[in-house]
Structures are given as C-alpha cells and as structure tokens.
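J.: Below: one structure in structure tokens.
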Amino acid sequence: MRKRHSASSADEAAIDMTPMLDIVFIMLIFFIVTTSFVKEAGVEINRPSANTAETVKKGNIMVAVRENGQVWVDKRQIEVGAVRANIERLRAENPEGAVVIQADTESKSGIVVEVMDQIRMAGVQNISIAANKEG
C-alpha cells in the first residue's frame, strides 16, 4: 500500500495571502481618504511677528501676498480678481479647511484687504493671517 496523501498534504500547507493583501489595501485607502492635505501658496514669505500669534490646525488653503503685490495660490501666481474662483475650487476639494493669508511684512495692506474680500465672497468666513510668534 502506498500513501497517496503526500500531494494533498502539500496543498494544505500553503498559506493563502489574499485576505492579508485585502486588509492592507483597505487600510491604505482608509489612510488616504482621511488624510488632510495642506495647499501651500508656493512662495516664501517674510511673515510679520506678533506676541499673540496662535497655531491654526485647519489652515488648509494658503494664499500668499508678496511685497511686490503678487498673489499666489496653490503654487501659481494669480490676479487678485481670480482669488475667489481659486478659493471656491479649493474649498470644493476640502470644505472644512480654513484659509490662511501669508502676507509679507512689506506688502501693501490694500492688496491684503482685496484678497480678504475675494475670499469672503467665495463663502469663507474663517480667514487667518499668518505671523511668526515673538519670543
């Protein structure tokens, strides 16, 4: 009598990796969906200092105003009149995000006010101005 169990016992010893891969892919999708992405303005700004500066956790959309009056959103230079459309587009991607204006210390306040007005016309009421904390 010969044993014929050798071929079938080899099949039983194999480990099925499919369920583990399914779990890994589900976890990957979960982390991608729950991650919040910060939309950088795209330029370096010399921010003013303030004693009362606070950290904003949900500042996901950055708008930069340079000293020469250039406005940058999402790593692109835009006109002041185009701020509203860009903010509306970025808010559609992330409805809970706040807007942070990074105004240079040498930028003109009139341009910053125009940018704030455009952001408010886009439906955003939670606007912050970036500053470095003194001390």
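J.: Output the residues belonging to segment 70-84 that are surrounded by 13 or more Cβ atoms within 10 Å (Cβ to Cβ) and assigned to a loop (DSSP other than H, G, I, E, B).
T.: Residues satisfying the conditions are Gln70, Asp74.
J.: What tally of residues in segment 105-117 results from selecting those that are open to solvent by less than 90 Å² (accessible area, probe 1.4 Å) and either assigned to a loop (DSSP other than H, G, I, E, B) or among the acidic types (Asp, Glu) (or both)?
T.: 3
J.: Can you name the residue in segment 85-104 that is open to solvent by 30 Å² or more (accessible area, probe 1.4 Å) and modelled with pLDDT of 85 or more and is also farthest from Asn68 (Cα to Cα) among such residues?
T.: By that ranking, first place goes to Ala92.
J.: Could we say that Arg120 is touching a Gly at 6+ places or on another chain (Cβ under 8 Å), open to solvent by 20 Å² or more (accessible area, probe 1.4 Å) and modelled with pLDDT of 85 or more here?
T.: So Arg120 fails the test.
J.: Going by the structure shown, is Lys58 modelled with pLDDT under 80, under 26 Å from Lys133 (Cβ atoms) and not acidic (Asp, Glu)?
T.: Details: modelled with pLDDT under 80: yes; under 26 Å from Lys133 (Cβ atoms): yes; not acidic (Asp, Glu): yes.
The answer is yes for Lys58.
J.: Go through segment 74-106 residue by residue and tally those that are of a type in the set (Gly, Ala, Ser) and under 17 Å from the mean Cα position of the chain (by Cα). Walk me through it before giving the result.
T.: Here is the first cut: in segment 74-106, the ones of a type in the set (Gly, Ala, Ser) are 81-82, 85, 92, 97-98, 103.
In the following step, the residues that additionally are under 17 Å from the mean Cα position of the chain (by Cα) were identified as 92, 97-98.
Qualifying residue count for the region: 3.
The values are calculated or read from the model by the stated rules, or taken from the named source; none is laboratory data. Predicted model, so just to flag it, every value in this text is computed and none were measured. Note that each Cβ is placed from the backbone with ideal geometry, even for glycine, and that neighbours are counted across all protein chains shown. The accessibility values were calculated without ligands, DNA or RNA, using every heavy atom of the protein model including side chains. Shrake-Rupley method; radii C 1.70, N 1.55, O 1.52, S 1.80 Å.
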